[in-house]
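Trainee: Take this structure first; my questions come after.
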Amino acid sequence: MDAGYNPRTVEEVFRDYKGRRAGLTRALTTDVEDFFRQCDPEKENLCLYGFPNEHWEVNLPAEEVPPELPEPALGINFARDGMQEKDWLSMVAVHSDAWLLSVAFYFGARFGFDKNDRKRLFGMINELPTIFDVVSGKSKTKTTSNINHSNSKSKSNHKMKTSEPRAKQPKPQMKDEDREEEALDAGEDGGAVAGGGVEEHGETRCGACGDNYGQDEFWIGCDICEKWFHGKCVKITPAKAEHIKQYKCPSCMGTNGSSGSNKRARPSS
């Protein structure tokens, strides 16, 4: 209907889109009574046009084939009395949104918009609510929910920021001297138990039978030769080991019994 108007840049096409959108939105909201009256089902196929100057018009489709610009939905007047008014207006709004996009990207194709131009144009268009959103009232709902979401997000971020320093206190590192003292204390309190489990002591072999260390078996270490033995191989039980202050294996013991300190034991898991 307005074939002489040809925007050539992204900004001009977007301005054209906004003008047409404003006209169509007005027809379906503030001017809805006039629009409803003009869409007489007794008339021929009618279309709803929006123009860059923010005006709207109900008219017959363009006569030339193919038309200079994409045409809006044809025959919107025929469904007017066969539907609820709200549903009919929503249907026209959806078709109007589709028509606006087709006109905008028609200009983009005609004047050689590249990938970045098309992406930028769609991004600018996408910032505006659709005509359907306006007519159905969804744009107000989205705006309210976005505000509430932003407020709750700000409060959540505030809580996280105030508690953040507590969660990031570094754990003090233990000095070598402290580690040695802790190891000695552990030996005096209940025997030097291996902390590395199978990963650290998996290659250890029993000084009596030669089998590997098993995590589910009780072992005891000789404080003289520092070899490890299955408790069953040297006839030492966990209960008996509790009363041994210093353990000597049969090889180191010889004919002399012993008592002392720092016995080493590995309990079964």
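The values are calculated or read from the model by the stated rules, or taken from the named source; none is laboratory data. Nothing here was measured: the structure is a model prediction, and the numbers come from that model. Backbone-built Cβ (ideal geometry, glycine too); neighbour counts: all protein chains shown. Quick note on the areas: whole protein, heavy atoms, side chains included, nothing else; ligands and nucleic acids left out. Shrake-Rupley method; radii C 1.70, N 1.55, O 1.52, S 1.80 Å.
A quick yes/no check of all residues on (1) touching a helix residue (DSSP H, G or I) at 6+ places or on another chain (Cβ under 9 Å); (2) surrounded by 14 or more Cβ atoms within 10 Å (Cβ to Cβ); (3) without any contact (Cβ under 8 Å) to a residue 60 or more places away in the chain; (4) among the β-branched types (V, I, T):
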| residue | (1), (2), (3), (4) |
| --- | --- |
| V10 | yes, yes, no, yes |
| T25 | yes, yes, no, yes |
| F35 | yes, yes, yes, no |
| W56 | yes, yes, yes, no |
| L60 | no, no, yes, no |
| E71 | yes, yes, yes, no |
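Trainee: Output the residues belonging to the range 9-22 that are within 13 Å of V134 (Cβ to Cβ) and small (G, A, S).
Mentor: A22
Trainee: How many residues are out of contact with any helix residue (DSSP H, G or I) (no Cβ under 7 Å at 6 or more places or on another chain) and under 10 Å from F14 (Cα atoms) if we restrict to the range 106-122?
Mentor: 1
Trainee: Of all the residues that make up the range 75-99, how many are open to solvent by 70 Å² or more (accessible area, probe 1.4 Å) and under 41 Å from the mean Cα position of the chain (by Cα)?
Mentor: So the answer is 6.
Trainee: Looking at (1) in contact with a Phe, Trp or Tyr (Cβ under 8 Å, 6 or more places away or on another chain); (2) part of a loop (DSSP other than H, G, I, E, B); (3) not acidic (D, E), can you tell me which one A79 breaks?
Mentor: Against the list (1) in contact with a Phe, Trp or Tyr (Cβ under 8 Å, 6 or more places away or on another chain); (2) part of a loop (DSSP other than H, G, I, E, B); (3) not acidic (D, E), A79 comes up short only on (2).
Trainee: When you scan the range 229-239, do you find a residue that is in contact (Cβ under 8 Å) with a residue 24 or more places away in the chain, in a loop (DSSP other than H, G, I, E, B) and of a type in the set (S, T, Y), even just one?
Mentor: no
Trainee: Go through the range 192-237 and give me each residue that's in contact with a Pro (Cβ under 8 Å, 6 or more places away or on another chain) and either modelled with pLDDT of 85 or more or open to solvent by less than 50 Å² (accessible area, probe 1.4 Å) (or both).
Mentor: F218, G231, V234
Trainee: For the range 32-74, give me the residue count where each residue is outside any loop (DSSP other than H, G, I, E, B), over 43 Å from the mean Cα position of the chain (by Cα) and not aromatic (F, W, Y).
Mentor: 8
Trainee: I'm checking my understanding of the structure. Among residues of the range 238-263 that are basic (K, R) and open to solvent by 50 Å² or more (accessible area, probe 1.4 Å), which one is modelled with the lowest pLDDT?
Mentor: First pass over the range 238-263, keeping only residues basic (K, R): 240, 245, 248, 263.
Filter once more, so that each one left must be open to solvent by 50 Å² or more (accessible area, probe 1.4 Å): 240, 245, 248.
Numbers: K240: 85, K245: 82, K248: 86.
Checked the range 238-263; the qualifying residue modelled with the lowest pLDDT is K245.
Trainee: Search the range 100-123 for residues being in contact (Cβ under 8 Å) with a residue 40 or more places away in the chain and closer than 28 Å to D87 by Cα, and hand back the single one that is surrounded by the fewest Cβ atoms within 10 Å (Cβ to Cβ).
Mentor: Checking each candidate, the answer is V103.
Trainee: So is N6 closer than 18 Å to W99 by Cα and crowded, with 19+ Cβ neighbours inside 10 Å or not? First the steps, then the outcome.
Mentor: On the way: closer than 18 Å to W99 by Cα: yes; crowded, with 19+ Cβ neighbours inside 10 Å: no.
For N6, the condition - closer than 18 Å to W99 by Cα and crowded, with 19+ Cβ neighbours inside 10 Å - is not met.
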